[in-house]
């Protein structure tokens, strides 16, 4: 590409401080045109849908433009991503889905922010991810591959998604966290959506909601030891002694701690559920408080073990 004098918004472009989200459609199309990329919304949509990967389209633009200036190369690279998001192109090749998974677990989603910055909402990305993984036929393998494309070990995604769910709950985005819990249970083939949701609620210190989620976990759910223990304590804190007894003393995945390994709160909760007469009545307030303390501790250890999978 020969030298030229940039005009319009392109004249103020600084590749070290990208601001494409502040550009209008017209300004972006004009800037790309000056770099040799002639597009319309219709032509870009067709190219994006036909592309085998987002990187292919980026490389195509760099080759077509021929610019050697690094700042303009940054604009071309970001331009593909920007228009793909801004114009909500319903195409999700593997590398784009991987990038959007990273965006999903790292970004703070809000309607106002997404509208201002031409970004997709978290639920849009989550729904696309669910559909993408369903199409693979093996959700865990599909998600493992996406994470590995990002240069992370496949084992990293469960804990990262669980942390993100807690952040979404802190800002009130419950539907997104609920979908995240369903995705985790489906991809891992164990646990339960409500268990993961309860864990996220605990991490966000939303204890009443954590108890409500735990009470919805069916007894036939394949819940691992640490999460089963947390679920049992939460059920007891929520007033259900029978469900607490199941998760703490009967479930296949339950923990079997020695008395010396338990806190006083855990001892108190476990002693209560072993007493048939106690379970016949209401759960006293002091037992509920002890159970909640035990749930907090078991949640912490369960999450630490989960992160080290």
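Data for the structure
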{"quantity": "Leading residue by the ranking (surrounded by the most Cβ atoms within 10 Å (Cβ to Cβ)) among those in segment 6-18 that are touching a helix residue (DSSP H, G or I) at 6+ places or on another chain (Cβ under 7 Å) and not in a loop (DSSP other than H, G, I, E, B)", "calculated": "10"}
{"quantity": "Lone qualifier among 218, 175 - being surrounded by fewer than 16 Cβ atoms within 10 Å (Cβ to Cβ), touching a helix residue (DSSP H, G or I) at 6+ places or on another chain (Cβ under 9 Å) and either assigned to a helix (DSSP H, G or I) or not assigned by TED's automatic domain parsing to the domain that holds residue 298 (or both)", "calculated": "175"}
{"quantity": "Every residue from segment 35-66 that is surrounded by 19 or more Cβ atoms within 10 Å (Cβ to Cβ) and more than 32 Å from the chain's Cα centre (by Cα)", "calculated": "35, 37, 65"}
{"quantity": "Residue check for residue 21: within 33 Å of the chain's Cα centre (by Cα) and either surrounded by 10 or more Cβ atoms within 10 Å (Cβ to Cβ) or on the phi > 0 side of the Ramachandran plot (or both)", "calculated": "yes"}
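The values are calculated or read from the model by the stated rules, or taken from the named source; none is laboratory data. Since this is a predicted model, take the numbers as computed values, not measurements. Cβ coordinates were reconstructed from backbone atoms using ideal geometry, including for glycine residues, and neighbour counts include every protein chain displayed.
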